[in-house]
Each structure stands twice: as structure tokens, then as C-alpha cells.
Amino acid sequence: MSRLGRLSCGLPALAIGALLTLSACDFGPGSAFLSTPLHSPSGNASHGRVAAILTSWSRALIVNARGLSPNGSFSLTADGAPVAELSSDANGSIHETLSVDDLGVDPRDSVLGVEDASTGDDVLEVEDANEDGAPDGIRSEHASLSATDLAQGGHASTRLHVAGNGDQTLDIEIEDVPAGSYDVFVEGAQRGMIDASSGSGSIEFATNPDAGQVALDFSAVNAAIEIRIGGELVFSGQTDVHIPGVDADENEDGSGDEDAIDSSDDSGSDASIDPSSDADGDDIDAPTAAAPAA
């Protein structure tokens, strides 16, 4: 089991403050989470955080900020271009939830910020890692791999975790497969082996490996994964989750792979995100570290 942990998350009503622990949650294959802090480029006290939850029941981008001009008009920017209007309240705070579908950008692949709508000046921008290297942001993806007939009904998935300082952890798991040793390829290069003598197994790569982990000396972001046995392909796919209508890698006809996040699937859609539920701004702190595996 990944050291990131695999907590199940019941979300009948989700407050923004809960976003701080979502990096430790497992929404299942086809889900992604992003949380990035923002700071003032001029060095004043304004600060904030943007967080995205991408699952079958929600494609939401949450913008939270404090210390801005009261009752001001602002724009959320992606790679420097305005993509949504924002408004601060009488206290100079922003607490808004936006639809990723409406934004038309993939927040995982965009540099997000906030600008003054009237002047176009940047008021909040992505904050780098702390000087001591502690991660201030987080990105996690849980993707399924496609199976060939050799899997005999088994399945495989990847879990990618990227910290704000660039450190990565990649966990690859196979389950309910014929017993044997499976070779793991990343971007065409063999990187390890999974012992599935019991019909299941896993391998975990890390930038700074602990005992039982394999050194990750490659980028696992949007990496092509293949799992083979005896040279024959059993599973294949990417570490990134595809989002139809947003992900540039979707098929021309608008279809995606089995990990595609379908906004029409509202199973469990009674969950709600209330951006005003944590107006004291405590949610702006960095995300809680993921729970260790048992």
C-alpha cells in the first residue's frame, strides 16, 4: 500500500477547510486534486489559495483570498489570460467556487493567478516552495490502466503525488491478475518489477525513497505506463487523468479513456462545496500531509 494512504472520504457536505486534508483522500480511479498557494508579487499581506477537485461528481475550482481591496473586481487568470470574474467582499476577501467546465482550462496544466480587473495588474501569483524546501502546494492523480486479455479480469491503477517543491511519488498497483512477476515500464524504459505471486502486488517510486521504495529519477507527470509479463503487454495507460472537454489529450470526437471524468455522472452529487463556510481564512494554510499507510 502506498505510504500516501488510501482513506475513503464521505463528503455529504464539503467545506473549503476540508480541502486541507483531501490530498490524503482516495476518490478512486479517474480523480485528481490540486492545491496551490498564492502570494502578492509586491510583497504585501494579501495571500490566498486555489484548489481543484476533479471527480465524477465535481469539477470545481475553489478560489480563496484575503487582504485584497474591499469590494473590488478581479479576474482569475490562467497562464496570464483572464478566465473568470471574481469579486472581493467588504473585508477584501474572495471565497468563490467556479466550474472547471466553464473555465475551459485544465487547472493542472495552467499557471493560475489573480489580477485587478480594471488595471490588469497581478495581485496574487503562484507561490514557490518555502526556502527550506517544504512543499506549499500539492497535486495528486489516481488513474486506471487499460487491460489486455492477459489480465484475465484483473485491473491496475497508478497514484501520482507531486509536492510543491517538485518531489514526486508514484504508486503502481495490480490486482486480481494471474500469479507471476510483472515488469514495469515508464516512458518505454523498464523501471522495476511487481511481484504478484499472490495475484496482486505494487511498486512505489519516490524522489526521496524510504525503505521499500524505488528511487524515482524520472518525471512521472503524464507518463506512459506499461506493465508486461514475459514481454507481453498486460496493462497500459497514463499517470494523468483525462478530462473530456478540458484535457487537450481527449479524442477528437470528445471521448476519452475509461478514466475520463464525466460531468453527467452525478452519483453522490449531493456533496456540495461551500466557499463561504470557512471565511476566517484558516483554509489558506498549506494542505495537511497525507496519512501514512497502515
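Bear in mind that the values in this text are calculations on the coordinates, not laboratory data. None of the values given here were measured: they were computed from a predicted structure. Positions of Cβ are backbone-derived with ideal geometry, glycine not excepted, and every protein chain shown enters the neighbour counts.
Quick notes
- Applying 1/(1 + (r/R0)^6) with R0 = 35 Å to the Cβ-Cβ distance of Asp183 and Val111 gives a FRET efficiency near 0.45.
- In whole angstrom, region 138-238 maps to an equivalent ellipsoid with semi-axes of 23, 13, 12, each derived as √(5λ) from the alpha carbon gyration tensor and ordered largest first.
- Taking packing as the residue-averaged number of other Cβ atoms within 10 angstrom, the listed peptides 35-47, 162-174 run from highest to lowest as 162-174, 35-47.
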